[in-house]
There are 2 protein chains.
Amino acid sequence: MKIQQLKGARIRKQLSQGTNEQREAVISILNQVKEQGDTALFELTGKFDGAQLDDLKVTDVEIEKAYASLDVEVIDVIREAAANIKAYHKKQIQESWITTKKDGTVLGQKVTPLDSVGVYVPGGTAAYPSSVLMGTIPASVAGVERIAIATPPRADGSISASVLVAANESGVSEIYKIGGAQAVGAFTFGTESVAPVDKIVGPGNIYVALAKREVFGIVGIDMIAGPSEIMIYADETAKPAYLAADLLSQAEHDQMATSILVTTSIEVAEETSKEVIRQLESLPRKEIAEASIISNGVIYIANTEEEAINAINEVAPEHLEIVAHEPFELLGQIKHAGAIFLGKNSSEPVGDYFAGPNHVLPTSGTARFSSPLGVDDFIKKSSIISYGTDALYNDGRKISKLARLEGLEAHARAIDIRLEEE
Amino acid sequence: MKIQQLKGARIRKQLSQGTNEQREAVISILNQVKEQGDTALFELTGKFDGAQLDDLKVTDVEIEKAYASLDVEVIDVIREAAANIKAYHKKQIQESWITTKKDGTVLGQKVTPLDSVGVYVPGGTAAYPSSVLMGTIPASVAGVERIAIATPPRADGSISASVLVAANESGVSEIYKIGGAQAVGAFTFGTESVAPVDKIVGPGNIYVALAKREVFGIVGIDMIAGPSEIMIYADETAKPAYLAADLLSQAEHDQMATSILVTTSIEVAEETSKEVIRQLESLPRKEIAEASIISNGVIYIANTEEEAINAINEVAPEHLEIVAHEPFELLGQIKHAGAIFLGKNSSEPVGDYFAGPNHVLPTSGTARFSSPLGVDDFIKKSSIISYGTDALYNDGRKISKLARLEGLEAHARAIDIRLEEE
């Protein structure tokens with residue numbers, strides 16, 4: 001794994017906006033779904049997933065079979081992960097509030113869950129039950145009544161048992177065998193089989209990402225996801241073998257994944273580089289991980305801790321590990337990161353699967369302005385304004401003055417007419 | 001103003017996605033700004049605003065002159081409105097939190113303000129100092145260090161004095177004379193004069209809206225704004241003259257604005273319709289308001305209160321007024337609205353200018369999934385995960401089991417390697 005000096009390196013990434021061809025393909029798919037409904041979904045699922053379906057919706061029988069096919073221990077672990085994720089997200093619940101004044105005024109903010117959401121779960125050859133839990137549990141904690149999942153089927157028309165069990169454990173009753181931009185189209189416009197939703201969340205490939213951006217405004221979306229990333233800051237106390245394992249766990253996702261280590265220790269840099277090569281050898285997904293490390297893996301040597309922290313804030317990584325002797329002491333300096341893993345035990349997979357915080361995180365530097373998926377994504381707020389009679393009497397002329405300053409006479413008169421008659 | 005039965009009416013609106021021509025124009029402007037920087041901004045400002053500028057940034061001298069040109073009373077009212085807006089938004093501040101477990105684990109969420117934001121303020125022939133306050137004060141309350149404004153100049157290259165004073169009162173030091181999609185481009189890509197920002201907020205015309213959607217992902221955006229709307233629910237206790245004044249205050253914005261009254265009282269419906277005609281006569285912006293009422297103004301008669309409430313939740317209006325004998329009693333039934341104005345004193349302009357809640361609100365039904373602009377828009381969260389040694393020992397095998405279930409062996413090994421050495 002290559003080692004270079006941090007100083008002067010260009011490290012900031014930017015989210016891919018897709019090519020014109022990808023964009024046109026997405027617009028065409030969305031239009032097809034909008035116009036032809038289910039017919040389009042069946043056709044596109046045949047074309048992209050190689051599956052000839054009779055029904056888009058997963059049946060209760062399929063879910064029962066999924067349970068029967070899974071190891072009891074696996075089901076228990078899924079349940080325990082679900083419980084942890086639920087407990088963490090419950091802490092994110094926000095309450096409605098009001099504030100009152102003696103002049104009769106009541107101001108406030110009402111928090112309301114969304115009516116319906118669609119959760120996209122990547123699939124096909126791989127299966128991600130953890131993504132089901134991370135996408136649906138915050139929605140359920142927020143109080144969303146209707147939670148639907150879409151995930152691409154395998155060529156035989158089936159969905160992975162673990163995905164079905166995770167969905168059922170999260171209390172989701174609507175599971176659709178639809179992938180890619182066509183899933184986004186179905187959730188946005190609705191079809192004979194799929195009722196439209198108010199918001200679409202969850203990561204997907206570039207087609208899903210572009211489709212979400214395309215429909216944003218008709219429906220809400222969470223964020224636009226790019227390839228996954230890890231950045232590790234390690235001082236001389238870090239164990240190179242752990243660092244290498246964590247870098248590789250990111251690299252095995254796909255070739256586009258990014259694994260960066262920044263360290264103030266030349267020894268840690270060199271040992272980690274060797275460990276990566278050594279551990280890579282026996283990985284089942286060696287080919288992917290190796291390609292990723294070659295394209296997007298770097299070990300930077302920082303002259304100072306400050307230089308390293310600045311680099312972290314420049315990258316705004318999706319996952320950040322801080323492996324230093326006093327990791328919490330650095331927390332106040334970290335401005336931008338999706339999730340911050342502190343200390344030697346906090347390997348990224350701990351957060352990917354089990355600890356409780358969400359693993360759907362802002363990528364490609366978008367942690368500068370975005371947050372992990374959470375309960376916030378499944379509620380919205382309404383302002384509350386009840387103006388007091390005394391307040392209107394005291395402030396009315398000021399309000400109409402501001403309205404007239406903007407040339408909006410009807411606004412001013414809406415106040416004046418009330419003052420005249422008081 | 002036309003009166004019709006609510007039952008069976010189609011009332012839901014959808015946000016305009018723009019025409020292909022508008023979209024291509026926006027993409028072309030964004031590319032021009034990205035490639036040519038300031039040169040593009042000067043050229044486009046000449047083309048669209050008719051202004052030949054020497055400098056894009058407002059100078060201190062211009063701000064001093066603005067103060068000198070305004071009535072002291074106006075400056076005081078701007079200051080009082082700013083103080084109210086600040087007080088309300090301070091209530092929205094969210095704190096970082098952690099939760100600890102006996103097994104050594106610390107989980108939490110860190111709240112951090114964005115580094116920099118660009119606030120778009122509509123302008124040109126009109127001037128909206130209130131939009132300056134509403135866009136910038138929540139950012140300042142959130143702790144954003146760099147807040148920049150862009151607003152189109154008048155043909156003589158100047159910016160309205162009230163806008164400059166409002167900006168200065170909000171503590172904003174960067175004000176740019178740039179409008180439309182080119183302002184969005186400047187904030188996204190940066191030019192010689194304008195440093196790029198992390199997020200762009202504020203309403204604008206369809207070109208601004210489409211440009212924001214286009215750059216979403218490179219920068220954050222708040223929402224995509226459509227034409228303004230009001231929906232009023234009134235029972236038989238409401239005063240038709242007030243209702244008419246409030247409907248017209250919305251209608252005077254522009255022809256695309258929507259004004260809807262829903263009432264269970266036929267008398268209120270008929271009287272309000274007459275009042276609208278009567279009050280319309282003497283309005284300076286009569287032509288616009290009349291066109292808006294004719295195109296998008298309706299009075300619906302609901303058979304029951306429940307029917308009316310359902311219609312409100314169907315429309316998810318930007319502004320909702322509830323003028324009924326016990327308005328707070330209906331609050332729990334309102335699921336979707338940007339701002340809810342309760343009672344006879346709570347005319348929409350109270351909230352547009354002065355009460356404190358934000359007037360940048362979700363339009364075109366997007367209140368189903370979006371919130372008013374607020375402090376939330378100017379912060380982001382990072383998950384905190386510090387896993388305890390005991391926790392890793394207890395949970396490690398479960399975590400690697402889940403990783404292997406997803407076929408991610410390197411994830412499993414990142415845990416296993418730590419267990420082996422404990």
The lone condition residue B:331 fails out of (1) out of contact with any strand residue (DSSP E or B) (no Cβ under 9 Å at 6 or more places or on another chain); (2) more than 30 Å from residue A:247 (Cα to Cα) is (1)
Could you list all residues from the stretch B:323-342 that are crowded, with 21+ Cβ neighbours inside 10 Å and either over 17 Å from residue A:381 (Cβ atoms) or charged (D, E, K, R) (or both)?
B:323, B:324
Of the residues in the stretch A:373-422, those that are outside any helix (DSSP H, G or I) and free of Cβ contacts under 8 Å to residues at least 60 places away in the same chain come to A:406, A:407, A:408, A:422
A careful count of residues in the stretch A:191-220 that are under 18 Å from residue A:18 (Cα atoms) and hydroxyl-bearing (Ser, Thr, Tyr) gives 1
Could you list all residues from the stretch B:79-92 that are under 15 Å from residue A:106 (Cα atoms) and assigned to a helix (DSSP H, G or I)?
B:84, B:85, B:87, B:88, B:89
Residue A:78 vs. criteria at pLDDT 95 or above, within 19 Å of residue A:380 (Cα to Cα), buried (at least 23 other Cβ atoms within 10 Å of the Cβ) and of a type in the set (A, V, I, L, M, F, W, C)
no
Residue by residue through the stretch A:90-106, note down the ones that are more than 8 Å from chain B (Cβ to nearest Cβ) and of a type in the set (Ser, Thr, Tyr).
A:96, A:100
Checking residue A:143 against (1) surrounded by 24 or more Cβ atoms within 10 Å (Cβ to Cβ); (2) among the small types (Gly, Ala, Ser); (3) in contact with a strand residue (DSSP E or B) (Cβ under 6 Å, 6 or more places away or on another chain): exactly one of these is not met. Which one?
(1)
In the stretch B:110-123, is there at least one residue being free of Cβ contacts under 8 Å to residues at least 60 places away in the same chain and assigned by TED's automatic domain parsing to the domain that holds residue B:208?
yes
With the requirement that a residue be closer than 30 Å to residue B:199 by Cα and among the charged types (D, E, K, R), what does the stretch B:371-422 give you?
B:376, B:377, B:380, B:381
Suppose we keep only residues that are within 11 Å of chain B (Cβ to nearest Cβ) and β-branched (Val, Ile, Thr) within the stretch A:186-200. Which one would you say is nearest to residue A:34 (Cα to Cα)?
A:188
From the list B:234, B:245, which residue is in the same structural domain as residue B:351 (by TED's automatic domain parsing), buried (at least 22 other Cβ atoms within 10 Å of the Cβ), touching a Lys or Arg at 6+ places or on another chain (Cβ under 7 Å) and hydrophobic (A, V, I, L, M, F, W, C)?
B:245
Tell me which of these residue B:135 doesn't satisfy, since it passes every other one: (1) assigned to a helix (DSSP H, G or I); (2) in contact with a Ser or Thr (Cβ under 7 Å, 6 or more places away or on another chain).
(2)
Filtered residues of the stretch A:93-122 (kept if on the phi < 0 side of the Ramachandran plot and assigned to a loop (DSSP other than H, G, I, E, B))
A:93, A:94, A:95, A:96, A:101, A:102, A:103, A:105, A:114, A:115, A:121, A:122
Would you be able to say whether some residue in the stretch A:255-274 is closer than 28 Å to residue B:407 by Cβ, surrounded by fewer than 24 Cβ atoms within 10 Å (Cβ to Cβ), at pLDDT below 95 and not aromatic (Phe, Trp, Tyr)?
yes
Number of the condition not met by residue B:357 [criteria: (1) more than 10 Å from every other protein chain (Cβ to nearest Cβ); (2) in contact (Cβ under 8 Å) with a residue 24 or more places away in the chain; (3) not β-branched (Val, Ile, Thr)]:
(1)
For the stretch B:372-395, name all the residues that are more than 7 Å from chain A (Cβ to nearest Cβ) and closer than 30 Å to residue A:126 by Cβ.
B:391, B:393, B:394
Return a yes/no flag: does the stretch B:154-166 have any residue that is under 29 Å from residue A:371 (Cβ atoms) and crowded, with 24+ Cβ neighbours inside 10 Å.
no
Exception for residue B:352 within (1) more than 8 Å from chain A (Cβ to nearest Cβ); (2) part of a helix (DSSP H, G or I); (3) more than 30 Å from residue A:73 (Cα to Cα) falls at (1)
Filter the stretch B:396-418 for residues that are over 19 Å from residue A:280 (Cα atoms) and more than 7 Å from chain A (Cβ to nearest Cβ); which is surrounded by the most Cβ atoms within 10 Å (Cβ to Cβ)?
B:396
If you take the residues of the stretch A:48-75 that are within 14 Å of another protein chain (Cβ to nearest Cβ) and not in a loop (DSSP other than H, G, I, E, B), which of them is surrounded by the fewest Cβ atoms within 10 Å (Cβ to Cβ)?
A:72
Conditions: (1) at pLDDT below 95; (2) among the small types (Gly, Ala, Ser); (3) closer than 19 Å to residue B:203 by Cβ. Residue B:118 meets all but one. Number of the miss?
(1)
One residue is enough: does the stretch A:138-153 have a residue meeting the conditions of a type outside the set (S, T, N, Q), more than 30 Å from residue B:336 (Cβ to Cβ) and modelled with pLDDT of 95 or more?
yes
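Any residue in the stretch B:304-314 that is aliphatic (A, V, I, L, M) and within 14 Å of chain A (Cβ to nearest Cβ)?
Yes, the stretch B:304-314 contains a residue that is aliphatic (A, V, I, L, M) and within 14 Å of chain A (Cβ to nearest Cβ).
Could you pull out every one of the helices (runs of 4 or more DSSP H) wholly within the stretch A:246-347 that has 2 or more residues that are among the basic types (Lys, Arg) and without any contact (Cβ under 8 Å) to a residue 24 or more places away in the chain?
Per the criteria, no element qualifies.
The values are calculated or read from the model by the stated rules, or taken from the named source; none is laboratory data. Predicted, not measured: the structure shown is a model, and the values here were computed from it. Cβ: placed from backbone, ideal geometry, glycine included. Neighbour counts: every protein chain shown.
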